[in-house]
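A short reminder: the numbers here are calculations on the coordinates, not readings from a lab. Quantities reported herein were computed from a predicted structural model and do not represent experimental measurements. Here the Cβ positions follow ideal geometry from the backbone for every residue, glycine too, while neighbour counts run over all protein chains shown.
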Amino acid sequence: MIKPFYFILVLGCQMNKNDAERMETILQNAGWSRTENKEEADAIFIVTCSVRQTAEDRVYGLAHNFAKLRRKNPNLLIGITGCMAGRDTDGKIRQRLSFVNFFFPIHEMTKLPEWLKEKKQTVSEVKEDSGAYLKTPPKISENFRAFVSIQTGCNKFCSYCVVPYARGREKCRPVKDTMEEIRRLVDNGCLEVTLLGQAVNNYIAPDPENFSKDNPYKDHFAALIWEINQTDLKRLHYTAPYPNHMTDEVIDALALPVQVNYLHLPVQSGDNEVLRRMNRRHTREQYLEIVKKIKARVPDIALGTDIIVGFCGETEEQFERTLDLYRQCDFDISYHARYSQRSGTLAAKIFKDDVSKEEKKRRWRKIQNLMEETTLRKNQKFQDQIVEVLVDRSEAGVCWGTTNEMKTASFPGGPELVGKLVKMMVEKADVWVLFGKLN
Ligand code: SF4
């Protein structure tokens, strides 16, 4: 019997990728098979991202292109989920996508088997997510590394961000479920886990009684990290922590053996007035103090961050303060976004998007240049050093992977090394890649 085929396109962040893996489990349990070829699909799903207007515009274009496939296959089903469906409280987005069959916030995915059987058009209302969908195990695509969501939603309401609207309030997963998933992954050969959450270190266990009696930490996130350190996992990474929740215990836990030597700690701006307008709950001084404590605990830790340039009302002096903070923190990597107004957010309602496109571009280039210089200098410290690499792919006789500092590494090697931890001697360090040979 030929099974019906689904095709999933995932846009945006790692949380979306992890959600798509859960959808795959649901679809496959319902008798559907994955295809990489959209032409032969019986159902196509887009897991959407709302972080920028360009990301949403892309979805409209993609959905229209997929709908054209109905000329050949009139029974083709199209589903839209992810942040666009989650944040569409006024129905404007679904109006523009009225030709799709299913339009639902991601946590409604458990209803898919029912909807697919009925084949009737379904628009699922935006309702508060209970977090129950996280019980569905993700369909793991690589057995050597995995994402594990421990939290969905966000209570922070940064004024520029759609996440609290798209994913609802913060919900944390029980320690028991999380640890069972991690132990299962490790038993199946998983070497690296990335814990996911929007303010991941604000993890509040619904079942703290399931922490071990000898767990030394009171802070639930630090306690969870400690529990994971008691398994045979080799590398643990998490994203994205919120500065205010880097408690002394969470900082202490950065030195536990399984923790990678990298922390991605979004700051967004180095100016207090801009941070206030962004509704970030930390100041520049508090952020710098946290970084100081982190470096005191793990002196050689690699740090990453996220920065928005050209936020409403940002002056040249305020932008310069961000550059200054960047230099003081000496980040290893940073991701820079030019501010893009998102409808429904507080910033869109009360502030003017008054920094011109050209100016945003100029500031982006300036901070990007600073990052590239800093990253190159920091990468060069690895010259002639031996680093450990988790190999994630091999193409044309060249292996690629990540080091313990989450830097991209590359060396000559074949597919038999994929999924292995190997030692590499660094022969050349550039901005984006450490090149070397197996040691
Ligand atoms: S912490 Fe702020 S930026 Fe991060 S998801 Fe929550 S609201 Fe958005």
Exercise. Could you state the orientation-averaged shadow area of the convex hull built on the Cα atoms of the range 285-439, in nm² to one decimal?
Key: 11.7
Practice problem: Answer rounded, prolate or oblate for the range 203-312, using the Cα gyration tensor with square roots of eigenvalues a ≥ b ≥ c: rounded when a/c is under 1.5, else prolate when a/b is larger than b/c, else oblate. | Solution: prolate
Quiz prompt | Partner aspartates and glutamates for Lys139 [C-alpha distance under 14 Å; skip if fewer than 8 residues away on the same chain] | solution = Asp19, Glu21, Glu24, Glu181
Quiz item: In whole Å, how far is the Cα centre of the range 205-243 from that of the range 20-59?
Solution: 32
Quiz item: Taking Cα pairs under 8 Å and at least six residues apart, what relative contact order does the range 1-91 come out at, in percent?
Solution: 32
Quiz prompt | Those trypsin sites (Lys or Arg not before Pro) in the range 235-336 that DSSP places in a loop and that have at most 16 other beta carbons within 10 Å | solution = Arg281
Quiz item: Counting only residues 5 or more places away or on other chains, whose amide H sits under 5 Å from the amide H of Leu77 once H atoms are built in the peptide plane?
Solution: Ala43, Ile44
Quiz item: What are the GluC sites (Glu not before Pro) within the range 230-334 that DSSP puts in a loop, where the Cβ has at most 10 other Cβ atoms within 10 Å?
Solution: none
Exercise. Name the lysines eligible as straight-distance cross-link partners of Lys117: C-alpha to C-alpha under 19 Å, and not fewer than 8 places from it in the same chain.
Key: Lys3
Practice problem: Straight distance only, please: which aspartates and glutamates reach the Cα of Lys357 with their own Cα at less than 16 Å, same-chain residues fewer than 8 apart left out? | Solution: Glu314, Glu316
Self-check item: Listed pairs Lys381/Lys420; Lys17/Lys420; Lys135/Lys349; Lys293/Lys428 exceeding 27 Å between Cα atoms
Solution: Lys135/Lys349; Lys293/Lys428
Quiz item: Given the pairs Lys218/Lys292; Lys366/Lys423; Lys295/Lys407, which span a C-alpha to C-alpha distance of over 28 angstrom in this model?
Solution: Lys366/Lys423
Quiz prompt | Shape category assigned to the range 386-438 from the gyration tensor of Cα positions, a/c cut at 1.5 | solution = prolate
Exercise. For n ≥ 4 DSSP H runs only, could you compute -39500 (n - 2.57) per run for the chain, divide by its residues and tell me the 222 nm figure to the nearest 500?
Key: -10000 deg cm²/dmol
Quiz item: In terms of the Cα gyration tensor, with a ≥ b ≥ c the square roots of its eigenvalues, is the range 36-119 rounded because a/c is under 1.5, prolate because a/b exceeds b/c, or oblate?
Solution: oblate
Exercise. Could you grab the relative contact order for the chain? Cα pairs under 8 Å, six or more apart, rounded to a whole percent.
Key: 10
Quiz item: HN-Hα J couplings of the range 402-414 from phi, Karplus 6.51/-1.76/1.60, θ = phi - 60°, integer Hz, Gly and Pro as x?
Solution: 10, 8, 5, 8, 6, 9, 6, 10, 8, 7, x, x, x
Quiz prompt | Point-to-point label distance, Glu180-Glu359, nm (Cα→Cβ direction, 7 Å offset) | solution = 5.5
Quiz item: Whose amide H sits under 5 Å from the amide H of Leu195, counting only residues 5 or more places off or on another chain, with H placed in the peptide plane?
Solution: Val148, His237, Tyr238, Thr239
Quiz prompt | Over the range 386-438, relative contact order from alpha-carbon pairs under 8 Å, at least 6 apart, % | solution = 36
Exercise. Taking each pair of different alpha-carbon atoms in the chain once, compute 1/r for the pair, average those values, and report the inverse of that mean as the Kirkwood hydrodynamic radius in Å to one decimal.
Key: 23.2
